[in-house]
Each structure stands twice: as C-alpha cells, then as structure tokens.
1. What is the number of the single condition among (1) part of a helix (DSSP H, G or I); (2) buried (at least 21 other Cβ atoms within 10 Å of the Cβ) that residue 12 does not meet?
2. Which one is farthest from residue 10 (Cα to Cα) among residues in region 22-73 that are in contact with a Lys or Arg (Cβ under 6 Å, 6 or more places away or on another chain) and assigned to a loop (DSSP other than H, G, I, E, B)?
3. For residue 233, state whether it is over 20 Å from residue 132 (Cβ atoms), assigned by TED's automatic domain parsing to the domain that holds residue 137 and surrounded by fewer than 24 Cβ atoms within 10 Å (Cβ to Cβ).
4. Only one of these conditions is not met by residue 196: (1) surrounded by fewer than 21 Cβ atoms within 10 Å (Cβ to Cβ); (2) within 33 Å of the chain's Cα centre (by Cα). Which number is it?
5. Kindly list the number of the only condition in (1) at pLDDT 90 or above; (2) touching a Gly at 6+ places or on another chain (Cβ under 9 Å); (3) under 20 Å from residue 254 (Cα atoms) that fails for residue 52.
6. Restricting region 399-448 to residues that are more than 17 Å from residue 335 (Cα to Cα) and acidic (Asp, Glu), which is modelled with the highest pLDDT?
7. Can you name every residue in region 488-503 that is crowded, with 17+ Cβ neighbours inside 10 Å and either over 29 Å from the mean Cα position of the chain (by Cα) or of a type in the set (Phe, Trp, Tyr) (or both)?
8. Based on what the data block shows, is residue 159 basic (Lys, Arg), modelled with pLDDT of 95 or more, in a helix (DSSP H, G or I) and not assigned by TED's automatic domain parsing to the domain that holds residue 352?
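The values are calculated or read from the model by the stated rules, or taken from the named source; none is laboratory data. If you're wondering where the values come from, they're calculated on a predicted model, not measured in any experiment. In this analysis, Cβ positions are derived from the backbone assuming ideal geometry, glycine residues included, and neighbour counts consider all displayed protein chains.
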Amino acid sequence: MSAGFGDDFKERVRASTNLVDLISETVSLIPSGRDYRGLCPFHDDRNPSFHVYPDRQTYRCWVCDLGGDCFTWVQETEKVSFPEAVRILAERARLDLPPNWKSRRDAGTGTAGKTDLIAVVDWAVRLMHQSLRSSPEGERARRYLKERNISDATIQTFRLGYHPENWSWLLDRCQGQFTEKQLVEVSLAGERSDGSRYDNLVGRLVFPIFDERGRPVSFGGRVLPGSNITSDAKYWNGLETAIFHKRRTLYAFHQARDAIRKSEVVVVVEGYMDCIACHQAGISNVVATLGTAMTDDHVRFLQRFAKKIVLTYDGDEAGLRAAERSVHRFADHDVTFQVLTFDDGQDPADFLEKHSAADFQERIDRAPEAWEYKLQRVLERHDVSTVHGRQQILNEMLEFLASGTRGTNTVREDLILRRVCGLIQVEERRARLRLEELRTQRPRRIQRQDREHRTKSVPVPQSRWERAERELLEIIISCPQHTDYIRHHIGPDDFEHPQHRRLLELCFDLEEAGELPELTRIVAAADSSTEILSLVNAVADSAREKGIPDLMEEPSDQEDESGTYVPLHLERVLNPLLDRRARHQTLQSKQKMAQTVTSSSALNSDAKEALRRIYQFRQGQLGNDPPTFK
C-alpha cells in the first residue's frame, strides 16, 4: 500500500463506503438475488455481466474478468493513483484525512491530484454563483435569465454564475488559496506565450459542469447581449483537463440520473439552456452534450441507465443534417435510438416557451426510431415515383443497414427491409442479396475496446492440476475453518499457477496470524490488487455455483489431528495435489540418484585416464610400445 495512509485508516474508509451506492453513481444496478448486476463499464457490454457483491464489498465482470474493491473502482474509473483514491473516498465519507494529505501529490506527476483540482473548481463555482446572485456586476446576467424565464430556484439548482468583465478577477482572488497554475490546469485561466495569465469566462453567464457524482469539473460560458466582451463564439466550453473529458461527460446527468433510471429513457439536447429549460418544465430525464457531437463513449455510458435514447436536434437544416449523421453513427449500439426534431428552426427551449411540458413529452413519445427518421429524410430527397429515385432510396437504406452489425439477420432488419421494399416496389429477396453483397465488400469492423485499464484476466484452469488448485481455493474461501488442516498438508510450493499460489499464500498468512481467511478479511488483505480480487471473486462465484459448503458436509472415514472427520470432498480435492507432490518428489529422488551415478562414473573415468597416462609414460621410459586401452 502507498505511503501516507495506514491500514487502519484505509479500512475505516472501506467500512464507511457502500460499494453499491458508489458504483450506482456510474452504473445502473439492479438486484440479482443477494447481489447486483448491470452493464460493465470496462468493455462494450450488451448483456448485464457486471456484478457487485455487497457482502464481499467487491465487484467483478463475468466477461472481461475485471474486478476489485472500492479503491480499485475509483482508480479505474477516475484514472487516479491509490492515495488519490483513498482521499476521494475519505472525503466522500466525510472522514478526516491524515494530517499530511494536503502536501501529497499524485506519485510521479508533479501536478495537483484530482481532489485538489476539484476543490479549485468548486471554489470558483461558489465565487461566480455569488457574483450572479448579489453583485452589481451580475445585474446584466440576472436580467438576461429573467428574460429567458429562468427561475431563482433553477439558478440555485444548476448553480449558475457570472464572471465580471475583469481579466484577472479569479487570478486575483485565488492568492493564498490556490496557485495560478492550478487555475490553468482546470481551464479557469489561460496562459500566453510570454507566460502571463488571464481569466477565461470573462463577462459570461457561467454554467458549472458536474460529473456523474455531482462534483464540479469544468464550466461553460455564454456571452451576454450588450456585453463589452466580443467573441466569435457565443458559447465557450472548458478545455479538456485531468478531471474533465468532453467525450464522456454530459451536462446535468447527476440531476437527471434518477429520472432516467425510472423512465429508462434519456433525452439528449445540444445546449445548456435547452437542458435547463426542460428541467425547469419538469422534464427531468434530459442531459446535454458539451460543445461536441454525441460520441460512442456517451452512448456506452447512457445505455447503462436507459433502454431508449432520444436525440433532439434543432429544426434548421444544420440540425436535420446532424440528426441524420447521428443515425449512421449509432446504428450499431444495442439501444433504441429515436430522433426528435422541431419545426421552424426551433430548439427545445423555444418550443417550451410556447408549449407545455405535456406537449414536449408527447413529441418525445412520438419521436421516430432512428431507421424511420433515416427513411423519412431519404424519401424527402428522392422521388419515389421514378425508377432512379427508387434506386437511390434502396441504395441509401441498404448502406444504412450495412453500416451496422447489431441488426444483422434480426426481426428488426426484416421489418425495415419489408417496409422499404414495399414503398419502392422491389422484391425483398433481391434487396437481401444486395445487402449481403454490401456487407461482404465492407472491411470487417473490429470493435476496439479501451484496454489501458485492463489487468491480466482471471486464469481459467486448463489442466487437471490447475482445476485441483482452484477447487482447493474454493474450499478455503467458502469453508475457511478447514484452512489449518489444509495448511498442514499443502504448501504454496505445491501450487504451480502463480496467481493461485499468491492467493493461497495470502490465506495461509491470515490463518497463521490467527484470523480465518474469510472473504472480507481476504479482500482487505489483498491490498486492492485487481489481479487478486478478480481471482477471489471468480473463486467465490464458482464455489457458490457448485454449492461447496453443502459438499463439505459429507464426512469421510479419515480423522484429523483433533479427531474430527475430514470432509470427503476435501479428500477428493487434496489427493490429486498430494499425488502430484509425491510424483515430483520421486522424480527428484531419481534425478539425484542419476546425478550421483553420473558423478561417480565421471570420477572413475578420470581415474582410468590418469592411470592410462601414467602407464604409457612408464612404458615409454622402458622403451616398450604401450598397449591400447579401451
């Protein structure tokens, strides 16, 4: 474990962290017996394969085999060091940190840790929110929000702010609390080529951006009408930083999460004000992208919480083109996509100014699925009454179907083909053949999963010996009271698989220290090793599936030293390992004997050679021809 946090403090943090609640901030979990399951965030999961075990306080994906505890979860999802993960969880649990925590930095980076940077952003959020609510400079921003019918309650909920028209307003106020470099690191300030620094967001209405856990990580800003600040871009979005990634972050998600879970529908809009207007109208399952188009990362994240994603676009030509592009980009995801556009160039905020929330909800409910929207757009471009037009319609729709793999040979694909062929009066069999040709011509699509965070997967037993090792670990983990007996018959050197050996050593170390190697103790002793925790979960899962505790109820005729009968299942598992050890010992004995014999033969040969040379020398002295020795 990294220096700076003792084992006692680390275990206090673990005990104060509910792993289900922690992971639920990022993954939608549903009860599954005593455990919880959801879509794995570490690979492109189509069926819930990610399991969280409240009794063990661990998690494991049954497909990619990545597993761990609360500390590894934060390390993997936040991309932080172990000490930083401890700090994040300690602050989350409102525990007092060790006195030296403020002076520590992420090992080897020389930059502030994530918690330090989040503290900088939180400070700026409070400062600019206060500026909007009460400062004379914030009057223009308050007037603008009033004109947009944004209520005080909404301003408070979204912690909107205002940055005065002063290029060093934040830089001046950070003195004694944070460094100017830290402001640059979170994109609150910029740096010129000569090294001088200046505030970003100057003269703008400010929209704080929070991550899925509700922590402030960045800002967006809007130039106000009548401002003295001139800019080519009406909106300014924070740059990528160590705590902010546009491709993975969605505005207002932490406020929309409960509504998304309840409805299993998420509405994605393009702007801050559109998102705020929806929430204020009572439509709470709405999020916004942050100056970027919807990305695959966004989709993978949202499909952990929702079965349906409704993409909304402005009703102008640019919005319609963007909507059609999105249909192609997301055709291959295992989630239902619908596309919602508005008339007369309106955006969601414009629509809600003239219509009710019920009208908006009706639009959401009636929004066409992605393929239907694509077909509508294609029909608008081509004349179905002409041969050429029908050919173009067929070509574009077949290209759309060929662009994805999820819909291959499915009922949905059949329905789409039937609908298209019926409209243009083409034989469905011919369309199917052409679709297969297009798919054959396309290079095979290889889904590249992000493996930077992956460790070695849990070893799958290959040989009978590895299976026996795994079975013995199953007994120890599910029936730890037998560990002492096992330890007197088997040692770590009897295990050949390195990971199996490491786990056995850990269990024996606990037993020698006077503690039964129960799951909770093993998890704590694993010191947040992803490799060991993944193995522990895999072994515990297989032990549960096999019903090892029940198997261990069957006694044999053999007694241990205390006179207790040894379970028959334990005998069955131990015997192959003991036989293997006996064979190894026999083989080693034979090898030693062979070496001894070889050594003796070598000495005899040397002696014979020496005698031969002496004899030849003596014969030479006598003038006789020496005989030949063999």
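1. (2)
2. Checked region 22-73; the qualifying residue farthest from residue 10 (Cα to Cα) is 48.
3. Spelling it out, residue 233 is indeed over 20 Å from residue 132 (Cβ atoms), assigned by TED's automatic domain parsing to the domain that holds residue 137 and surrounded by fewer than 24 Cβ atoms within 10 Å (Cβ to Cβ).
4. Single failed check for residue 196: (2).
5. (3)
6. 427
7. Result: 490, 494, 495.
8. Details: basic (Lys, Arg): yes; modelled with pLDDT of 95 or more: yes; in a helix (DSSP H, G or I): no; not assigned by TED's automatic domain parsing to the domain that holds residue 352: yes.
So residue 159 does not fit the description; no.
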